[in-house]
Amino acid sequence: MPIAGIYGPDDFANRPQGQATSTPSAAAQTGPALPRPSLEWTAEVERATAPIYERLEHVIPPIEWPLIAPAIHAINQLKRARNAVILAHNYQAPEIFHGVADIGGDSLQLAVEATKVKADVIVQCGVHFMAETSKLLNPDKTVLIPDSRAGCSLAASITGADVRLLRERFPGVPVVAYVNTSAEVKAEVDICCTSSNAVQVVESLNAPSVIFLPDRYLATYVASKTDVKIIAWKGACEVHERFTGDELRAFREADPSVQIIAHPECPPDVLAEADFTGSTAHMISWVRERRPRRLVMITECSMADNVRAELPEVEMLRPCNLCPHMRRITLANILESLLTLGEEVTIDPSLAARARRSVERMINLNN
Ligand code: 13P
Ligand code: SF4
């Protein structure tokens with residue numbers, strides 16, 4: 001059914017001014033800095049990184065490898081010295097995703113894996129809300145984000161005060177927050193969801209109506225899959241909202257055999273043209289199972305490189321919308337992060353306890 005209502009900052013006369021909060025403390029340093037490694041292309045670097053290059057040879061030209069491999073080698077050595085793990089979202093560049101990450105995945109997989117980490121240090125290669133989620137689930141570990149400016153247009157669209165205003169307007173209606181929100185927002189809601197489990201989370205509440213925030217398009221997608229009345233917020237992903245149905249139709253007209261898969265953060269006219277809709281992990285599983293000859297992935301375009309590295313036989317036609325926030329994470333700042341233990345993510349403990357409950361409630365749904 002269509003969404004039952006959509007609200008935004010302009011709908012609340014008494015809304016306090018201000019942005020979504022909860023940024024990490026600036027470049028906190030929690031341990032001694034390590035000596036800076038050499039970034040020379042040597043025989044030792046070539047030998048040590050050869051198995052990594054085998055995974056990347058379809059997406060990184062051989063001429064570029066000597067420029068990239070020394071940083072990959074240094075990061076992998078520093079991880080051992082720091083007893084650190086690197087968690088990387090599917091949208092990270094291939095040299096990060098396949099070169100240095102210990103665990104890769106979608107938002108749900110990363111949150112679940114974060115609960116199992118044994119290392120002392122987690123380096124989150126993704127955006128800020130992902131690093132906050134890892135910190136919520138690992139309050140006693142050092143969680144680092146190589147560039148704390150890696151934000152998200154969805155997380156920036158709503159504050160904790162906005163959630164309180166929505167609750168005043170709809171008393172008794174439970175609130176589901178997409179994980180693409182700040183810890184401050186997670187602390188105000190009943191449960192979190194990701195694009196992998198949004199419908200399941202909404203239905204788990206056994207309520208006739210649910211406030212679902214902040215992504216209006218994911219809310220519209222969820223509303224199309226459930227009888228629960230969905231009240232939405234006017235947030236959108238700046239990457240996925242740029243795709244259009246016309247763009248998808250043009251791909252099909254050029255080659256009617258092409259397969260098109262899309263992320264549910266896209267507008268409804270885009271999803272109407274897609275052969276499959278799912279989270280980044282569900283899209284990857286779909287490609288692994290179907291192995292289409294030609295594929296268009298309607299999502300952040302680094303993911304197409306990561307999939308092509310694994311399945312070179314699938315030809316990717318790539319409308320390339322990059323997430324500027326995901327792109328802030330680079331091999332250079334990951335190296336710096338491991339050397340200096342900055343920037344450390346910190347969350348006020350009383351707020352963290354409430355936000356953690358919302359994330360754990362989601363994770364426990366499948367346990
Ligand atoms: P998922 O990886 O959970 O599908 O999320 C996509 C996204 O845009 C994360 O920022
Ligand atoms: Fe946020 Fe969209 Fe970037 Fe994901 S792709 S981090 S939802 S802006």
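The values are calculated or read from the model by the stated rules, or taken from the named source; none is laboratory data. Values in this document were obtained by computation on a predicted structure and should not be read as measured data. Glycine gets a Cβ as well: all are built from the backbone with ideal geometry, and neighbour counts include every protein chain shown.
Taking E265 as the residue in question, decide whether it is crowded, with 18+ Cβ neighbours inside 10 Å and within 22 Å of the chain's Cα centre (by Cα). So E265 fits the description; yes.
Does V175 meet the test of being closer than 30 Å to L322 by Cβ and under 23 Å from the mean Cα position of the chain (by Cα)?
Working: closer than 30 Å to L322 by Cβ: no; under 23 Å from the mean Cα position of the chain (by Cα): yes.
So V175 does not fit the description; no.
Just one residue in the set E265, E360, E273 is under 20 Å from G245 (Cα atoms) and either assigned to a helix (DSSP H, G or I) or within 16 Å of ligand 1 (Cβ to nearest atom) (or both); that residue is E265. Considering region 228-253, the residues that are within 16 Å of ligand 1 (Cβ to nearest atom) and among the small types (G, A, S) include one that is nearest to the chain's Cα centre (by Cα), namely A236.
Hey, does region 250-260 have a residue that's out of contact with any His (no Cβ under 9 Å at 6 or more places or on another chain), in the same structural domain as E273 (by TED's automatic domain parsing), in a strand (DSSP E or B) and crowded, with 17+ Cβ neighbours inside 10 Å?
Step one: filter region 250-260 for residues out of contact with any His (no Cβ under 9 Å at 6 or more places or on another chain), giving 250-260.
Now restrict to residues that are in the same structural domain as E273 (by TED's automatic domain parsing): 250-260.
Filter once more, keeping what is in a strand (DSSP E or B): 259-260.
When the remaining residues are screened for being crowded, with 17+ Cβ neighbours inside 10 Å, the result is 259-260.
For region 250-260, residues out of contact with any His (no Cβ under 9 Å at 6 or more places or on another chain), in the same structural domain as E273 (by TED's automatic domain parsing), in a strand (DSSP E or B) and crowded, with 17+ Cβ neighbours inside 10 Å: present.
In region 138-148, what residues are within 16 Å of ligand 2 (Cβ to nearest atom), under 15 Å from I347 (Cα atoms) and surrounded by fewer than 23 Cβ atoms within 10 Å (Cβ to Cβ)? S148, the sole residue that qualifies. Cβ-Cβ distances below 7 Å connect the following pairs, each with a first residue in region 317-333 that is under 29 Å from H73 (Cα atoms), a second residue that is among the small types (G, A, S) and more than 15 Å from ligand 1 (Cβ to nearest atom), and a separation of six or more residues or different chains: L331/A71; A332/A71.
Being out of contact with any Lys or Arg (no Cβ under 8 Å at 6 or more places or on another chain) and touching a residue at least 24 places away in the same chain (Cβ under 8 Å) is the filter here, so list the residues in region 105-117 that pass it. Steps first, answer last, please.
First, pick out the residues of region 105-117 that are out of contact with any Lys or Arg (no Cβ under 8 Å at 6 or more places or on another chain): 105-116.
Within region 105-117, G105, D106, S107, L108, Q109, L110, A111, V112, E113, A114, T115 meet the criteria.
Somewhere in region 316-332, is a residue closer than 27 Å to C237 by Cα, outside any loop (DSSP other than H, G, I, E, B) and polar (S, T, N, Q)? Checked against the condition, which is being closer than 27 Å to C237 by Cα, outside any loop (DSSP other than H, G, I, E, B) and polar (S, T, N, Q), region 316-332 yields at least one hit.
Scan region 211-219 and tell me whether some residue there is basic (K, R), surrounded by fewer than 21 Cβ atoms within 10 Å (Cβ to Cβ) and in contact (Cβ under 8 Å) with a residue 60 or more places away in the chain. Checking region 211-219: not a single residue is basic (K, R), surrounded by fewer than 21 Cβ atoms within 10 Å (Cβ to Cβ) and in contact (Cβ under 8 Å) with a residue 60 or more places away in the chain. Among the residues of region 103-137 satisfying the criterion of being crowded, with 19+ Cβ neighbours inside 10 Å and in a loop (DSSP other than H, G, I, E, B), which is farthest from the chain's Cα centre (by Cα)? Filtering region 103-137 for residues that are crowded, with 19+ Cβ neighbours inside 10 Å and in a loop (DSSP other than H, G, I, E, B), the one farthest from the chain's Cα centre (by Cα) comes out as V117. For P214, state whether it is under 22 Å from the mean Cα position of the chain (by Cα) and closer than 22 Å to P171 by Cα. Taking the combined requirement at face value, the residue satisfies it. Looking across region 195-230, the residues that are away from ligand 2 (no atom under 16 Å from the Cβ) and part of a helix (DSSP H, G or I) come down to V199, Q200, V201, V202, E203, S204, A223, S224, K225. Scanning region 22-49 for residues that are among the polar types (S, T, N, Q) and modelled with pLDDT of 95 or more yields T42, T49. Within region 202-221, being farther than 19 Å from C152 by Cβ and aliphatic (A, V, I, L, M) holds for V202, L205, A207, V210, I211.
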